[in-house]
Each structure stands twice: as C-alpha cells, then as structure tokens.
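The values are calculated or read from the model by the stated rules, or taken from the named source; none is laboratory data. Nothing here was measured: the structure is a model prediction, and the numbers come from that model. Reconstructed Cβ throughout: ideal geometry from the backbone, glycine too, with neighbour counts over all protein chains shown. Note: accessible area is taken over every heavy atom of the protein model, side chains too, but ligands, DNA and RNA are not part of it. Shrake-Rupley method; radii C 1.70, N 1.55, O 1.52, S 1.80 Å.
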Amino acid sequence: MSELRRTPLHNFNATRGGRMVDFAGWEMPVQFASIVEEHRSTRSAAGLFDVSHMGEASVSGPDATAFLDYVLTNDISTMKSGRVLYSLMCYEHGGVVDDLLVYKKADDDYLICLNASNTEKDVAWLKSKLSGFDAKLVDVSDDFALLALQGPKALEILSGLTSVDLGSLNYYWFTEGGVAGKPCIISRTGYTGEQGVELFVAPRDAAELAEAIVGVGEPLGMVLAGLGSRDSLRLEAGYSLYGHEIEEDISPVQANLMWTVKFKKAADFIGKAALLEEKAVGPKRKIIFFKAGSRRIIRSGAPVLENSEPVGKVVSGTFSPVLNEAIGSALIDATSLKAELSVDMRGKSMRLFQSRPPFIELNP
Amino acid sequence: MNIPPNLKYTKDHEWLKLLDNGEAIIGITEFAQESLGDITFVELPEAGDRFDSGASFGVVESVKAASDLYMPIDAEIVEGNAELEDAPEKVNQSAFEEGWIVKIKILDDSQIAGLLDATLYAEIAKD
C-alpha cells in the first residue's frame, strides 16, 4: 500500500474534526459532524469543501485551442476568455476518459480541472495525443489547493473577503483576484446545484484562506463539509460522477450527456465517429435516475431487475435529505427503459421509481 | 465515550438491557452509531420471529453503509421500535434510550453469562 496523499488543508481538516478516509489515494474528510447536516446546511446557508485532490493541467501554445477541440467533445473554439466550460474527453470507441472543466485564460492559454482519480491517466492520455499540435501540456496539480464554497449564502460570505465584483461574475465564468489577501482564481462553478464559487489558491495560502472564510462564514450558518455530502448534493442535483454515471465503457449517449458533445463544431474530435454511430443506431444501455420510494438506500452495484431478470445495475445510491427519500441512478438495457424495474434488497423486492434529474430545484 | 454500566454488550457493538420478566431490550452502542454516521433506515423483524444467537435479525443503514444486526442470544422478538420507521435518526441521537431497536424474549438464560459487561466492552470500543 502506498502512502495516502494529503491536501494542503490536511491539518485544517483534521484539527476541525474531519473524519478522514482514503479517496482515490488521498486522505480526505468524508464528514465533519454529519453528512446529512452538512448537506442541509449547504442547501440552506453554505458549505465549505476541500477539493484540493482534484487535478489541474495547463494547456498552452499556438495550437492549444485546436488541441483541446480535438481531444474534447465540447466546442472550445467558441469559448471567450474568462469562460468555464464542462466537457467530456472520450476514447475512440466513445467511452469516457474523464469529465472536466476547461478554463480559458487566453487563446493560447487554458487550465483544465480533472477528477483526482483520473489525473494521472488523463495527463498521460493528453500527452499521447499532442503530436502534430504546437501545444504544451503540464500537470500543475501541485500548484493549487481548491476550495468549493457552495450555498445560497456563498456569495455573501465571499463578498466580505474580496473586492472583486461578484455580482457581475456570471455562472460558469471565472476571474482572478484576491480573497482574504490571497491571489485566487475565482470560478462561479460548483457541484451542488447551489450558488457558489470554487477557489484555486496556492497551497501555502490555502489554510489561511480557509480560516478567513470560516471567520466570515460561520456566523452566517456556513459549515465545513466533506466528501459524503458532496456526493449526496451532486446526486440530488442530478450531476454525473466519473466511475458511476460515466465510465470508460459508458458513453455520453448512454449517460444523457449529449449536450456536451458538439458534432457540429469545425474540428474532428476523438470519439466522434463512434458517438455518431451510437446515436444513429440508438444506445444499447441508458443511465436512469430513480427514487426508491422509501428511506432505504439502494447501493451502487445492486442488480436491477425486470420480472426478476437482471437488466442492469445501480451505479449511484444515496439518501436525499431534501426529499427524505433514497435516490439513485442505474445503467439499464435500453429495451427495459419503460419497464417496471426493481431491486432485491435481502429478499425483499423494492421498486425503482424513475425520475428525471434533478431531484430538486437547482439555483446555481 | 458513553458506556452505561448497567447494560450488557457484544463485540458487535450492541447493548442489551435485561428486564425482570425474562425479556431484554437491544440497541446499538454510542460507538456503533458514531461510526455509522447518519442513520437513514432500520429494518426491523416481526413480532414472534425467532433467531438463534449470532443470526442477523435486521439492518441498520447509514448514508455510508449498511450494517447487519446480530442477535446476541437465542430470542423471540416481542416488538420492534416502530418509532424508528419515521425517525431512524433517533439511533444517532439517543443510542441507549429512545433509539432502542427490538425488545426480545430470552429463550436461553444460560447465554447471558457469555455477554460482555461495560468494563470489557470499553476495551473493545477503544479505537
């Protein structure tokens, strides 16, 4: 077993009661007090999440835009500087290498933010696709800590710590500026469905920045939140998570993410032919979201049944504190999309009630 | 860590409160609820169900994990704590009182001697 990696906020998390677990090789707080309470507080006030395990890479050079358009499914060529874009990165066969955020600093200068569990794989993949492009890719993960401040009070809390005009920073835009005196990339993005920002900051400044946010945030009801509530918040919001709704063998056609795949963009891109084909023929499997009809969580891996025959499997399952009901997602055969689906819970059959995501009203 | 001295315990982090009439109340300990985190569901057996010592008689589900409940002693279920159906969080809030899980009739008194007292259990519940 290799040593777990620690974020620049490890001591901050540990001294404030974070219960640390192994997540993708990182020692991360799964919760501070209670997953459900952290979830509720993020929906009602704000939550502060250490997500410094996420990876970052810089893509620069005259062909940076062309390169990203080749390896990513979304349209990079139409991005304006200061814009953030969600995109998938696909294999030739249409499966997903990773989902990521692209930050456009300038025509020849981008930052991409990657899943922690995929960073190494992504960087190797991207480097292997560079030939023929006048572009440079550098793993800059160690240059950044990343804090997510999310919730209806997030911007109010942040406004107490920065002179940046947050009112004019629209959803999925970013800017650079000081927060509590620390230089940050301030990104109006998040993974909860609430208003909020993600702050990229130098590792040496991370703990002081977090302390400053706590100082302003706690009187307004902000809590420290861990990966447990991060997951229940994203599932309630209907957002995909790599390794669950998207995977090497789950394509964007299957995952209902075709809005991130731009067949009409000028550039050819990796996976285009396979995805066009799958879209034309129709996917063999689809991701669905469901409510469980009770509080009992149906967990990832559970076989999904139609008339007692397996037709798929659950890929995410958690408890929604807002609905007071268990929710989840499953990958099922396309032929069973309209069928009555169930799972076997220790001998008891439980029906899955299909539900279009999001499960709650989003207000990002 | 709260470990009431008047209760019996198991290595599976359950407690038994022996009643005068040959019955007992069973729940999970403070240590158990703390490790499980937010409890969202408790599956209870039916009154009259019989279980051998060591058999699984129900499930406590938290946001993080599902955890079996093991019958510490041969027993017949008298009743389950129906309050937990709507408010399973009572197990988090009050593991030794309101969060009790089942009341049982003890079928074999001799097995009581095999249960742990608070002092022994405290050794196990140390991290």
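Some points to look at:
- Of the residues A:THR65, A:THR189, the one with the largest accessible area comes first in the ranking A:THR65, A:THR189, computed with a 1.4 Å probe on protein heavy atoms.
- Total buried accessible area between A and B, probe 1.4 Å, nearest 100: 1400 Å².
- B:LYS11-A:SER128 FRET efficiency (beta carbon distance; Förster radius 45 Å; 0.05 resolution): 0.30
- Residues in region A:255-298 occluded by at least 30 Å² - accessible area, probe radius 1.4 Å, against chain by itself: A:ARG295, A:ARG296, A:ILE297
- Expressed as a whole percent, the accessible surface of region B:23-108 that belongs to carbon and sulfur atoms is 39, based on a 1.4 Å probe.
- Whole-number accessible area per residue in Å² for the protein assembly as shown, which is evaluated in the context of all protein chains at 1.4 Å: 43
- Computed label-point distance, nm, for sites B:SER53 and A:SER159 using a 7 Å Cα→Cβ extension: 6.6
- Two-decimal ratio, chain B, of alpha-carbon radius of gyration to 2.2 N^0.38 Å: 0.96
- Pairs of Cα atoms in chain A fall into 10 Å distance bins, from 0 up to the last occupied one, in shares of 5, 23, 32, 26, 11, 2, 0 percent.
- The helix-based estimate of mean residue ellipticity at 222 nm for chain A, built from -39,500 (n - 2.57) per DSSP H run of four or more residues and divided by its residue count, is -6000 deg cm²/dmol to the nearest 500.
- Theoretical ellipticity at 222 nm over chain B - DSSP helices of four or more residues, -39500 (n - 2.57) apiece, nearest 500: -3500 deg cm²/dmol
- The lysines whose alpha-carbon is closer than 22 Å to the alpha-carbon of A:LYS80, local same-chain residues fewer than 8 away aside, are A:LYS104, A:LYS105, A:LYS136, A:LYS262, A:LYS264, A:LYS265.
- Normalised contact order of region A:55-135, rounded percent, pairs of Cα under 8 Å and 6 or more residues apart: 38
- Dipole of the protein assembly as shown computed with +1 at Lys/Arg Cβ and -1 at Asp/Glu Cβ about the Cα centre; of A:LEU88, B:ILE73, A:ILE213, farthest Cα towards the positive end is A:LEU88.
- Total charge dipole magnitude, the protein assembly as shown, about the Cα centre, Cβ charges on Lys, Arg, Asp, Glu only, Debye to nearest 20: 1500
- Comparing A:GLY25, A:SER240, A:SER316 along the charge dipole axis of chain A, the residue lying farthest to the positive side is A:SER316, per the Cβ-charge model.
- Taking 20 Å as the cut-off, the amide N atoms of region A:35-52 that come nearer than this to a point 7 Å along the Cα-to-beta-carbon line of A:ARG204 belong to A:52.
- Shielded by partner chains, region B:30-79 residues - at least 50 Å² of accessible area, 1.4 Å probe, vs chain alone: B:ASP38, B:THR40, B:PHE41, B:GLU43, B:GLU61, B:VAL63, B:LYS64
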